[in-house]
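Everything on this sheet refers to the single structure shown next.
What follows draws every value from the coordinates through simple rules; no lab data is involved. Remember, it's a predicted structure, so these values are computed and weren't measured experimentally. Because the Cβ atoms are built from the backbone with ideal geometry, glycine has one as well, and the counts that use them run over all protein chains shown.
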């Protein structure tokens, strides 16, 4: 099984995918389906172990958020695989992580 970290941001605004709370709950529900091995002490950073590929995990997160206003950055700890999904404006992350792929 791979070990991943994910950091995320949810817009406080209500969107077509629900309220901040609803999107936050949907995002966290993904972990219940993936794993029981999780470290979630920080507010917006989680380390977890899961069997699916990074692409599958990223797709599940993308379905849980509103990609027009929320975002996440997912990285496989023992590799260079990383995917960013949702809305982000600061393109510096692309130069910091040249291996980063964008989920569309």
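Figures for the structure shown
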quantity: Which numbered condition residue 72 misses (of (1) touching a residue at least 24 places away in the same chain (Cβ under 8 Å); (2) surrounded by fewer than 16 Cβ atoms within 10 Å (Cβ to Cβ); (3) in contact with a strand residue (DSSP E or B) (Cβ under 9 Å, 6 or more places away or on another chain)); calculated: (2)
quantity: Number of the exception - residue 79 against (1) surrounded by fewer than 18 Cβ atoms within 10 Å (Cβ to Cβ); (2) farther than 23 Å from residue 104 by Cβ; (3) in contact with a strand residue (DSSP E or B) (Cβ under 9 Å, 6 or more places away or on another chain); calculated: (2)
quantity: Any chance residue 42 is within 19 Å of residue 101 (Cβ to Cβ) and either free of Cβ contacts under 8 Å to residues at least 24 places away in the same chain or surrounded by 14 or more Cβ atoms within 10 Å (Cβ to Cβ) (or both); calculated: no
